[in-house]
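Q: Have a look at this one before I ask anything.
Nothing in this text is a laboratory measurement; each read-out follows from the coordinates by a stated rule. Only a predicted model underlies this, so the values are computations on that prediction, with no experimental measurement involved. All Cβ positions, even for glycine, are placed from backbone atoms using ideal geometry, and neighbour counts span all protein chains on display.
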Amino acid sequence: MKTKSVFSSKYALITGATSGIGKSIAIELAKENCNLVIASRNFDSMKALKDMLEDKYNVSVDCITIDLSVAKSSKIIFDFCKSNNIQISILVNNSGFALATKNEFTQLDKLERMIILQTVTVTDLCSQFISSMKKNKFGYILNVSSITAITPAASTLTYSAVKKYILTYSRLLHAEVYKDGVKVCCLLPGATDTSFDKNSNLPVPKKLKRYYVSPDYVAIKAISALKRGATTVTPGFQAKFLYFIGVIFPSGLIYRLHKFFWVNKRDSYLK
C-alpha cells in the first residue's frame with residue numbers, strides 16, 4: 001500500500017512553473033496529490049499545464065498571470081490566496097532568468113528586473129507566507145538557486161551574485177524557522193536541459209549538452225530533499241563536483257578562471 005504523502009491535499013505555490021525545472025516540480029507535487037497555485041507571465045502555458053495536471057492527477061490548480069520582476073508583485077499573489085481562502089503550505093520560488101555579463105552595463109532595466117525577481121520577490125514571498133506556516137507548525141519552502149552561487153560564472157556576473165543571495169538567505173531563514181515546523185531547502189542545480197541558455201542569450205556548445213541532467217531528475221531530487229528536511233540539494237555528479245570546487249577555492253579565483261577558460265573561448269567552442 002502506497003504511503004500517503006506529507007504534501008497530500010495541501011496547497012503549493014510555484015513561481016515560473018510553465019517550463020523547465022518549475023514545470024517538473026509542479027508535476028512531481030501533483031503526483032503526490034498536492035494542489036497548486038502557479039504564477040507566471042505566460043497565461044496560455046499555465047492554462048495548458050493546469051488542464052493537464054487537473055485531468056491526469058485530479059488536483060486543483062489555480063493560475064495567476066503576473067510579472068514577478070515588478071516590485072510588490074508578491075503582495076498580489078498573497079492577496080489572491082487570502083481572498084480565495086487558499087492556505088499555502090509549500091512555497092517554491094523557482095522563477096528566474098539570467099543576463100549575460102556583457103549586457104549588464106547597457107540593459108539596466110532588464111538587470112534591475114532580474115535583481116528584483118530573485119532577491120526582493122523571493123524574500124517577500126517567504127515573509128508573507130511564513131507566518132501562517134509557523135502558526136500551523138507546518139511548512140516547506142524550496143528556493144531555487146544555482147550552482148553558480150558556489151562556483152560563480154563570469155558569463156553571468158550579477159546572476160551569480162543574486163543566486164548567492166538566495167543560498168545565504170535560505171540557510172539563515174531555515175535557522176530562524178525550523179523550530180517552528182518550517183523546513184527551508186535551497187536547490188542548487190548545475191547544467192540542466194532547459195531553455196534557460198536560449199532565453200538568457202547564453203549559447204552552450206552542443207557537445208557539452210551531453211553532460212546536462214533533465215529537469216525531471218532535478219525535480220525528483222529537489223522534492224525528495226525537501227521532504228526529508230535537507231537544507232541544500234545539488235542534483236547530479238556535475239553539481240556536486242562544482243559545489244566541492246566552490247568550497248575549496250575562493251570565488252574570485254573561480255570567476256577569473258572561468259572568464260579565461262570559458263568566456264574568452266566561447267566563440268571558438270561554438271563554431
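Q: With the cut-off at 30 Å, tell me which of the pairs LYS47/LYS164; LYS23/LYS164; LYS47/LYS179; LYS179/LYS221 have Cα atoms farther apart than that.
A: Long pairs (Cα-Cα over 30 Å): LYS47/LYS164; LYS47/LYS179.
Q: Can you list the aspartates and glutamates whose alpha carbon is less than 16 Å from that of LYS31, not counting same-chain residues fewer than 8 positions off?
A: Result set, ordered by chain and number: ASP51, GLU54, ASP55, ASP216.
Q: What number comes out for the charge environment of PRO152, summing +1 per Lys or Arg and -1 per Asp or Glu over other residues with Cβ under 9 Å away?
A: +2
Q: While we're here: What does the charge count around SER60 come to, taking other residues whose C-beta lies under 10 Å from its C-beta (Lys +1, Arg +1, Asp -1, Glu -1)?
A: -1
Q: Right, next: Once phi is turned into θ = phi - 60°, what whole-Hz ³J(HN,Hα) does the Karplus curve with 6.51, -1.76 and 1.60 give for every residue of region 241-251, x standing for Gly and Pro?
A: 5, 5, 4, 4, 4, x, 6, 7, 10, x, 4
Q: Also, I was wondering about something else. What is the calculated FRET efficiency for ARG256 to SER224, with r their C-beta to C-beta distance and R₀ = 35 Å, to the nearest 0.05?
A: It comes to 0.45.
Q: R0 = 25 Å: FRET efficiency of THR158 with GLN87, Cβ-based, nearest 0.05?
A: 0.10
Q: With a Förster radius of 25 Å, plug the Cβ-Cβ distance of THR231 and PHE97 into 1/(1 + (r/R0)^6) and report the FRET value to the nearest 0.05.
A: Computed FRET efficiency for THR231 and PHE97: 0.50.
Q: Summing -39500 (n - 2.57) over the DSSP H runs of n ≥ 4 in the chain and dividing by its residue number, what mean residue ellipticity at 222 nm do you reach, to the nearest 500 deg cm²/dmol?
A: -15000 deg cm²/dmol
Q: So what are the ³J(HN,Hα) numbers for region 69-76, from phi and the Karplus equation (6.51, -1.76, 1.60; θ = phi - 60°), rounded to whole Hz, Gly and Pro as x?
A: Each residue of region 69-76 in turn: 8, 9, 4, 6, 5, 4, 5, 4 Hz.
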